[in-house]
1. Answer yes or no as to whether residue 67 is of a type outside the set (Asp, Glu), at pLDDT below 90 and in contact with a Phe, Trp or Tyr (Cβ under 6 Å, 6 or more places away or on another chain).
2. Would you mention how many residues in region 20-64 are part of a loop (DSSP other than H, G, I, E, B) and modelled with pLDDT under 80?
3. Being part of a helix (DSSP H, G or I) and among the charged types (D, E, K, R) is the filter; apply it to region 65-83 and report the residue that is nearest to residue 109 (Cα to Cα).
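The values are calculated or read from the model by the stated rules, or taken from the named source; none is laboratory data. Everything numeric in this text was worked out from a predicted model, so none of it was measured. Here Cβ is always computed from backbone atoms with ideal geometry, including for glycine, and neighbour counts include all displayed protein chains.
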Amino acid sequence: MTYTTIQRHIMQLLKAHRCLRDDQIDRLVCAEFDYIKLRYPLHCRRVSRIVGKRAGGVFCELEKGFSCLCLYSPEQQDCDFDLGDDVIVVVSRYDDEKKQVFGRIVTAW
């Protein structure tokens, strides 16, 4: 075997390992998202904490390492809430492609 043949073989092995690893990560993300959908079914209410704010919405942490994007109810405004506030959130929908959960803030806790 020449040096370039060995080098090419090593690169093929690395690519195969990377593809296998990416596939395992994708399956892990799918399994975690399925778990989230079981733990937080549609229209359930949960207490969560505001961990980030964006124009027109906030990120609420339902459990450690898992946040959902929440919109305000029509009678609420951005100035009504601050980072770290505890709120009650209703899960409104899932985005299966992007593995995201969306909710709506019902009230402050």
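1. Numbers: of a type outside the set (Asp, Glu): yes; at pLDDT below 90: yes; in contact with a Phe, Trp or Tyr (Cβ under 6 Å, 6 or more places away or on another chain): yes.
When the stated conditions are applied, residue 67 passes them.
2. Of region 20-64, the ones part of a loop (DSSP other than H, G, I, E, B) are 40-44, 55-56, 64.
Next cut, modelled with pLDDT under 80 only: 55-56.
Residues flagged as part of a loop (DSSP other than H, G, I, E, B) and modelled with pLDDT under 80 within region 20-64 amount to 2.
3. Taking region 65-83 and keeping what is part of a helix (DSSP H, G or I), we get 78-80.
From what's left, among the charged types (D, E, K, R): 78, 80.
On the way: 78: 16, 80: 12 Å.
Out of the qualifying residues, it is 80.
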